[in-house]
1. Say we look at the stretch 282-291 and pick out the residues that are in contact with a helix residue (DSSP H, G or I) (Cβ under 8 Å, 6 or more places away or on another chain) and open to solvent by 10 Å² or more (accessible area, probe 1.4 Å); which of these is farthest from the ligand (Cβ to nearest atom)?
2. Filter the stretch 429-480 down to the residues that are within 18 Å of V315 (Cβ to Cβ) and not in a loop (DSSP other than H, G, I, E, B), then identify the one that is farthest from the chain's Cα centre (by Cα).
3. Please determine, by comparing only the residues of the stretch 49-83 that are more than 16 Å from A344 (Cβ to Cβ) and either free of Cβ contacts under 8 Å to residues at least 60 places away in the same chain or not assigned by TED's automatic domain parsing to the domain that holds F104 (or both), which one is most open to solvent (accessible area, probe 1.4 Å).
4. When the stretch 292-301 is examined, which residues are found to be over 17 Å from V32 (Cα atoms) and open to solvent by 10 Å² or more (accessible area, probe 1.4 Å)?
5. Please verify whether K306 is farther than 23 Å from I20 by Cβ and of a type outside the set (D, E), treating the condition exactly as stated.
6. Can you name every residue in the stretch 382-427 that is in a strand (DSSP E or B), farther than 15 Å from Q326 by Cβ and open to solvent by less than 50 Å² (accessible area, probe 1.4 Å)?
7. From V65, V32, which residue is in contact with a Cys (Cβ under 8 Å, 6 or more places away or on another chain) and within 16 Å of the ligand (Cβ to nearest atom)?
Amino acid sequence: MNVRVQLSLEHHVGAIDRRIFSGFLEHLGRAVYEGVYDPGNPLSDEQGLRRDVMDALRPMDMPLVRYPGGNFVSCYDWQDGVGPRDKRPRRPDFAWKSTESNTFGTHEFMDFCAKLGTAPMMAVNLGTAGAREAAALLEYCNLPRGTSFADRRAANGRAEPWRVKVWCLGNEMDGPWQAGHVPAQVYAQRADQAGKMMKGLDSSIELVACGSSGRGMATYMEWDRQVLEYCWDGVDYISAHRYSNNSGGDSAWYLAEGVEIDRVIEDYAALLGYVRALKKSDKRVYLSFDEWNVWYRATNMDGAWKDAPPLLEEVYNLEDALVCAQYLNSFIRHADTVKMACLAQIVNVIAPILTRKEGLLIQSIYYPFVAFAKHARGNSLRPAVDGPCVKAGGRGEVPAVDVSAVHDAEGKSVCVFLINRSLKEAADVVVRVAESRLSGVTFAEQTTGASPGLANTWENPRAIVPTPCIARIGESGELHVSLSPLSFACVRGAMAQTK
Ligand code: AHR
């Protein structure tokens with residue numbers, strides 16, 4: 001099949017906020033313990049952080065990592081996780097029916113962030129705690145010495161504040177499964193009060209209010225409307241969460257997932273515009289898509305009260321990687337709405353990296369993320385795509401090739417991210433940039449394989465790895481890309497010098 005993509009450097013959605021390539025680490029299963037933190041393991045450093053895991057996380061180049069949950073946060077008392085380790089309490093964790101040793105807490109997480117070269121995105125407990133506890137944590141993290149909690153931080157070994165910039169006001173408070181779940185109006189009041197106290201202590205912070213946990217929620221958009229109307233002036237973002245699934249085993253349907261991701265973001269764009277209009281406000285509130293991934297196979301949430309039980313250890317295949325790439329394409333296409341997004345999660349729990357005591361396994365979904373994080377810089381262009389559709393079961397017909405494109409003015413390059421949804425057909429894609437000729441292909445890589453179910457395993461860890469993609473520049477300076485069926489490609493072209 002043939003696909004034509006027309007780009008113009010003038011037709012852009014705005015600058016891509018690199019925070020859309022963020023991650024999420026929760027006290028859940030083996031994400032923290034045995035995942036990033038494994039003291040005593042020969043693979044760990046002097047702080048107990050797994051060196052091999054840190055090395056594998058580095059190319060993901062995540063600007064933020066959200067922590068400590070997730071559902072976990074709604075029963076978490078952050079004070080359990082600071083101070084001398086041997087004095088920290090062991091607690092039952094309501095969310096995942098596990099035992100929390102608290103040997104990894106705020107200081108350990110901040111050390112992890114510093115070592116990885118990322119920044120913390122902290123969530124406060126607004127389920128079973130409230131404004132007071134949230135403000136105390138803010139004081140602990142962000143205020144200079146001289147008050148009780150800030151002094152306690154210093155006494156625990158950290159004199160300088162960490163100055164955490166981004167804070168989530170609770171987690172999935174619309175969900176009946178959430179400890180402390182309440183109706184939208186009650187949550188909105190809690191969030192508003194906590195936010196006011198937090199911003200009152202540090203006006204430089206940014207706040208994320210809980211939006212809907214998913215499009216399937218009965219209160220989808222209505223919850224968000226009520227929260228936004230109440231909290232508009234105090235918050236900077238509303239969150240969206242989504243987990244994709246192919247429970248029906250219909251790959252053609254599943255591979256059209258991007259269409260629905262677009263819809264969710266457009267629902268939020270419309271709602272944000274509506275509330276802004278109601279308020280006659282000059283202010284903008286943006287979307288923080290702070291949990292997204294594929295998750296449907298490993299659904300046991302009962303840790304039998306063990307320490308770090310293996311929970312949610314999803315094994316990812318090729319079609320999952322292509323769906324993850326569609327999330328990122330959609331975030332780029334909606335760069336004017338989505339300012340932050342977190343892959344949920346980063347290690348062991350619904351994650352691109354799985355660990356064992358003696359090593360790690362990179363999963364399929366890792367590779368598109370790394371390609372985006374490295375190459376999606378600059379302005380998001382509006383691609384005009386002319387090409388055939390594929391049948392997507394109950395989702396009707398959708399474009400066979402999903403496209404996003406970026407222009408990096410500084411790097412003088414244009415980069416396209418292409419997903420071929422077709423299970424059988426290859427695609428010849430031609431990309432033209434209206435004002436410019438491309439002079440050369442500077443990067444061309446694809447993630448593909450023979451079948452949608454192909455996955456990396458401990459026995460065959462390289463079943464899915466990026467391979468070179470065939471790409472060339474034509475006589476008029478246009479880019480030609482040969483896309484295999486079932487593939488994701490990232491292709492960057494250098495722009496010719498103009499006189
Ligand atoms: O990421 C796993 C869980 O999914 C999180 O704890 C929760 O926020 C969501 O339901």
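1. Applying the filter and picking the extreme gives K283.
2. Going through the stretch 429-480, the residues within 18 Å of V315 (Cβ to Cβ) turn out to be 447, 449-465.
Retained after the next criterion (residues that are not in a loop (DSSP other than H, G, I, E, B)): 447, 455.
Working: T447: 20, A455: 21 Å.
Of everything passing the filter in the stretch 429-480, A455 is farthest from the chain's Cα centre (by Cα).
3. Taking the candidates together, the pick is R51.
4. W295, Y296, R297, A298, T299, N300 - these are the residues of the stretch 292-301 that are over 17 Å from V32 (Cα atoms) and open to solvent by 10 Å² or more (accessible area, probe 1.4 Å).
5. Spelling it out, K306 is indeed farther than 23 Å from I20 by Cβ and of a type outside the set (D, E).
6. First, pick out the residues of the stretch 382-427 that are in a strand (DSSP E or B): 384-386, 389-391, 397-399, 401-408, 413-420, 427.
Right, trim to farther than 15 Å from Q326 by Cβ and you get 384, 386, 389, 391, 397, 406-408, 413-415, 427.
Those that are in a strand (DSSP E or B), farther than 15 Å from Q326 by Cβ and open to solvent by less than 50 Å² (accessible area, probe 1.4 Å): V406, H407, D408, S413, V414, C415, A427.
7. Unique residue meeting the criteria: V65.
Here is a yes/no grid of residues against (1) in the same structural domain as L207 (by TED's automatic domain parsing); (2) at pLDDT below 95; (3) open to solvent by less than 10 Å² (accessible area, probe 1.4 Å); (4) farther than 20 Å from G195 by Cβ:
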| residue | (1), (2), (3), (4) |
| --- | --- |
| R91 | yes, no, no, yes |
| A95 | yes, no, no, yes |
| E100 | yes, no, no, yes |
| G105 | yes, no, yes, yes |
| A114 | yes, no, no, yes |
| A123 | yes, no, yes, no |
| E133 | yes, no, no, no |
| N142 | yes, no, yes, no |
| V164 | yes, no, yes, no |
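The values are calculated or read from the model by the stated rules, or taken from the named source; none is laboratory data. Being a predicted model, the structure only gives us computed values, none of them experimental. Using ideal geometry, Cβ is built from the backbone for each residue, glycine included, and neighbour counts are taken over all protein chains shown. Ligands, DNA and RNA are stripped out before the accessible areas are found, and what is left, the full protein with its side chains, is counted by its heavy atoms. Shrake-Rupley method; radii C 1.70, N 1.55, O 1.52, S 1.80 Å.
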